[in-house]
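Only one structure is covered here, and it is reproduced in the block below.
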Amino acid sequence: MWFFGSKGASGFSSRSTAEEVTHGVDGTGLTAIVTGASSGIGVETARVLSLRGVHVVMAVRNTDSGAKVKEDIVKQVPGAKLDVMELDLSSMQSVRKFASEYKSTGLPLNLLINNAGIMACPFMLSKDNIELQFATNHLGHFLLTKLLLDTMKSTSRESKREGRIVNLSSEAHRFSYPEGVRFDKINDKSSYSSMRAYGQSKLCNVLHANELTKQLKEDGVNITANSLHPGAIMTNLGRYFNPYLAVAVGAVAKYILKSVPQVCF
């Protein structure tokens with residue numbers, strides 16, 4: 001019988017931290033982009049990768065917040081290699097600008113961790129007039145991956161090391177709209193459901209990773225693409241929840257939710 005927190009064949013459990021799981025891993029010489037690295041599990045991902053010697057590019061919407069996080073990580077991990085770059089995933093112009101600026105640095109790219117996201121927000125449109133959760137959680141990352149894929153292929157080929165693309169999805173992908181992805185009703189405010197729209201965007205993260213896996217295999221490229229559910233974690237992702245629901249969740253959170261350090265990509 002499986003118990004919450006019990007160890008599996010790997011020797012780790014749902015309660016294991018990213019730092020514990022990566023103990024002994026040497027990431028020296030690797031370069032990673034982590035989107036949404038100024039809050040929540042993005043911060044911990046950047047910190048642990050830095051701890052293992054990875055050069056981390058923190059792709060964040062608010063560069064002031066990103067700079068503060070970078071400062072905090074460097075205090076904990078002296079010698080950490082961190083850069084902060086602006087990226088607003090809800091804006092396709094911002095995504096294109098980020099990709100162009102990244103490529104102009106000449107940096108390699110071994111790991112692309114598409115982590116950033118918003119959850120269950122009221123109906124809003126992005127700068128490109130696209131429902132905000134779909135634009136931010138899926139389209140922004142889809143375009144970012146497409147624009148940086150050649151850089152990843154070159155890095156993998158020249159370094160002879162496997163590249164990794166990770167889409168942060170959610171078990172919520174199972175609870176999209178009944179018809180799945182409503183491409184013809186993305187901006188339909190009258191039938192909008194904040195949680196189903198979130199599930200829809202997370203379903204797209206899964207489908208994106210699945211199709212990438214197929215194409216990369218057909219092309220013979222040494223890059224893997226994965227989508228994952230990190231577990232139910234105590235972050236600020238639920239800031240749009242009904243206040244009463246937020247209080248209820250908070251009362252039991254420490255008993256049923258994972259802490260941010262327990263995220264494992």
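Numbers at a glance
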| item | result |
| --- | --- |
| Region 212-226 residues that are farther than 20 Å from Leu143 by Cβ, paired with ones that are open to solvent by less than 40 Å² (accessible area, probe 1.4 Å) (beta carbon under 6 Å, 6 or more apart) | Asn222/Ser156 |
| Residue list for region 144-186, restricted to those being part of a helix (DSSP H, G or I), in contact (Cβ under 8 Å) with a residue 24 or more places away in the chain and surrounded by fewer than 18 Cβ atoms within 10 Å (Cβ to Cβ) | Leu147, Lys153, Ser154, Arg157, Glu158, Ser159, Glu171, Arg174, Phe175 |
| Restricting region 211-231 to residues that are aliphatic (A, V, I, L, M) and out of contact with any helix residue (DSSP H, G or I) (no Cβ under 6 Å at 6 or more places or on another chain), the residue that is nearest to Arg174 (Cα to Cα) | Leu228 |
| Cβ-Cβ under 7 Å pairs, at least 6 apart or on other chains, region 115-142 side touching a residue at least 24 places away in the same chain (Cβ under 8 Å), far side surrounded by 18 or more Cβ atoms within 10 Å (Cβ to Cβ) and among the basic types (Lys, Arg) | Asn137/Lys202 |
| Qualifying residue in region 119-128 (condition: aliphatic (A, V, I, L, M) and more than 17 Å from the chain's Cα centre (by Cα)) | yes |
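The values are calculated or read from the model by the stated rules, or taken from the named source; none is laboratory data. Since we're looking at a predicted model, the values are computed, not measured. Note: ideal-geometry Cβ built from the backbone for every residue, glycine included; neighbour counts use all protein chains shown. These accessible areas exclude ligands, DNA and RNA; they are computed on the full protein's heavy atoms, side chains included. Shrake-Rupley method; radii C 1.70, N 1.55, O 1.52, S 1.80 Å.
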